[in-house]
Amino acid sequence: MRNNRGGCWRTTSADRERNSMSEARAWRKSSYSGATEDDNCVEVSVAADALVRDSKNPAGGVLTFGATAWANFVQRVPVS
């Protein structure tokens, strides 16, 4: 796995566990995502924590946020 600076990371057992957990969860696509497959889209799965992934690459990386961090983020997102 390569990072954005050209470095390499090894896949760990924690990465494999997080990926298998994310496959079994329900995902919700952002309501601000466009209608076409080429649009930039994110999906969120909220349980005891919040996982965020690119909807065009669901097998790719997943960002994990604790429940408190996710709640703080959502409270600060402007609603239009």
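Looking at region 62-76 only, could you name the residues that are in contact with a Phe, Trp or Tyr (Cβ under 8 Å, 6 or more places away or on another chain) and outside any helix (DSSP H, G or I)?
Passing the criteria: only F65.
Out of the residues in region 24-64 that are at pLDDT below 85 and loosely packed, with under 10 Cβ neighbours inside 10 Å, which is nearest to V77 (Cα to Cα)?
S31
The values are calculated or read from the model by the stated rules, or taken from the named source; none is laboratory data. Remember, it's a predicted structure, so these values are computed and weren't measured experimentally. Here Cβ is always computed from backbone atoms with ideal geometry, including for glycine, and neighbour counts include all displayed protein chains.
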